[in-house]
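Only the coordinates and a few stated rules stand behind these numbers; no lab work does. On a predicted model such as this, the values are computed, not experimentally measured, just so you know. With ideal geometry, Cβ positions are generated from the backbone for all residues, glycine too; neighbour counts draw on all protein chains shown.
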Amino acid sequence: MFVRKVKQARIARQVIFLSAIVLSGCGALVGLPDDNRPRTTLSLAALGEGDESTFYESNSNDMLESAEYVPVGSEQQVIRGHITSRSDVDVYDLGPVVIGDRIVVDMTTDDTLDGVIVLFDEDGTALLVNDHRNVYLGETQPFVDVVMRREAESCYVAVSPTPGYGSYGDYGLVAFKQAGAPVPTSRPDVVLLVFDGGTNVRVGGRAPIDVPPFDAAGIDASFSGRTDEIIDQVVAGIREDYIGFDITILSTSEDDAYDGTMSRLFFGTYDAALLGVAEGIDEFNATSSQEAIVFTDTFAAFASLAPSVTEMSNAIANVASHEVGHLLGLVHTRDALGVMDVTASLNDLLRNQDFRRSPLYADVFPIGHQDAIQTLLDTLGGDGFVARLKQYAKDSDPARFRTAPSGPSAREQLRLSSCGLHEH
């Protein structure tokens, strides 16, 4: 994973558990549960055998442009395929979709394949990345369940080995489309920036820690006495990143207090390998109260660059907005100008990043993009014109695209372990 985010839960949080729907056709298949009970795992051996409607992968289909056309309707469609190598990607075009279409794709594999599936729209923008449906419930096979918020001429499902594991083998997909499903409403959020410390702060499966109050001198002695100045700039930077979205950014530096329902982002303490960590990737903001940490003392790694107060504030704000992005369902990307990037150098992080459309990071999925602005609008609601205007304004500045000083990525500079979104 990147400097900011630890073990991003392979935990695929179910956004909504809908009423049970029995999949017709193969009698061995089960319906969707109406609560949080585990699903019964599909059996690959018999999946689609003897059914004339079963589609078998037959062509090179490694890109959206070469996707095999397998339109789905209300009846389940079985797709059988084979991943041949760690770099193999199989893409299927499930046909056109309209607003309110609910797309469900269930996956099962043989014992040699650890797989991941992604749902893309016609432009190659990821709608949902899912490598395991819910490990907390003992469910380890990928599963996608999304209600379309926009129409598209094509909706693609792509399959690959879980990045970093190099597995291969047979897989089966069961897909169907349900028309007229209720379109989920956006869910505004409130995040409290905590600069005055906390005790027993637990983020995901990590052991609880005490986070002391933020002190800029913990980064470098040159920032002694500049704590309040940096805090003010960090708060302003995060708020700027989230302009146009229905999210309220509060701060303990402005006497805001935790009410038990909001998410919290703590600033302070040190981690040997991370600049930040979030509880997990919460698709469509399904959970209202989560926690994350920005390990501000770890920013001592920037000291050799002699950053100014403004540059250091930019770096902290970039990491903070990145961690909040995970709490709102965003995944890692490969774009040094983007907030969700994981390839930027320490020099890059001193500049102001923003939310934008960026290629997915290879450890997330080998192909496709994430439109962070559209995902946040779908998740939180807001004003799309305002949200995109600041990106257009920044991109109109030629200096924004100047060549950054050469050097390794921040995660390489911090010698981070390669844990990530798909780590077991």
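Counting only residues that are aromatic (Phe, Trp, Tyr) and touching a Ser or Thr at 6+ places or on another chain (Cβ under 9 Å), which one in region 238-270 is farthest from THR375 (Cα to Cα)? Don't jump to the end; show me each part of the working.
Going through region 238-270, the residues aromatic (Phe, Trp, Tyr) turn out to be 242, 245, 258, 266-267, 270.
Applying the additional criterion that residues be touching a Ser or Thr at 6+ places or on another chain (Cβ under 9 Å) yields 242, 245, 258, 267, 270.
Numbers: TYR242: 12, PHE245: 11, TYR258: 26, PHE267: 26, TYR270: 31 Å.
Looking at residues that are aromatic (Phe, Trp, Tyr) and touching a Ser or Thr at 6+ places or on another chain (Cβ under 9 Å), I get TYR270.
Being within 18 Å of ILE103 (Cβ to Cβ) and assigned to a strand (DSSP E or B) is the requirement here; does LEU193 meet it?
Details: within 18 Å of ILE103 (Cβ to Cβ): no; assigned to a strand (DSSP E or B): yes.
So LEU193 does not fit the description; no.
Working only within region 358-393, note down all residues that are charged (D, E, K, R) and either over 21 Å from VAL159 (Cα atoms) or out of contact with any strand residue (DSSP E or B) (no Cβ under 8 Å at 6 or more places or on another chain) (or both).
Of everything in region 358-393, those that are charged (D, E, K, R) and either over 21 Å from VAL159 (Cα atoms) or out of contact with any strand residue (DSSP E or B) (no Cβ under 8 Å at 6 or more places or on another chain) (or both) turn out to be ASP363, ASP378, ASP383, ARG388, LYS390.
Does region 249-271 hold any residues that are touching a helix residue (DSSP H, G or I) at 6+ places or on another chain (Cβ under 8 Å) and assigned to a loop (DSSP other than H, G, I, E, B), and which are they? Outline the logic, then answer.
We begin by selecting, within region 249-271, every residue touching a helix residue (DSSP H, G or I) at 6+ places or on another chain (Cβ under 8 Å); these are 249, 251, 253-254, 263, 265, 267-271.
Matches in region 249-271: GLY268, THR269, TYR270, ASP271.
To keep it simple, each residue is scored yes or no on (1) assigned to a helix (DSSP H, G or I); (2) crowded, with 20+ Cβ neighbours inside 10 Å; (3) within 20 Å of the chain's Cα centre (by Cα).
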{"position": "THR298", "(1), (2), (3)": "yes, yes, no"}
{"position": "PRO307", "(1), (2), (3)": "no, yes, no"}
{"position": "SER313", "(1), (2), (3)": "yes, yes, no"}
{"position": "VAL319", "(1), (2), (3)": "yes, yes, yes"}
{"position": "HIS322", "(1), (2), (3)": "yes, yes, yes"}
{"position": "HIS326", "(1), (2), (3)": "yes, yes, yes"}
{"position": "ASN347", "(1), (2), (3)": "yes, no, no"}
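Of the residues that sit in region 45-67 and are in contact (Cβ under 8 Å) with a residue 24 or more places away in the chain and farther than 20 Å from THR125 by Cβ, which one is nearest to the chain's Cα centre (by Cα)? Can you show your working first?
We begin by selecting, within region 45-67, every residue in contact (Cβ under 8 Å) with a residue 24 or more places away in the chain; these are 47-48, 51, 53-57, 61-64, 66-67.
From the residues that got through so far, the ones that are farther than 20 Å from THR125 by Cβ too are 47-48, 51, 53-57.
Values: LEU47: 30, GLY48: 32, ASP51: 36, SER53: 34, THR54: 32, PHE55: 30, TYR56: 30, GLU57: 29 Å.
Within region 45-67, the match that is nearest to the chain's Cα centre (by Cα) is GLU57.
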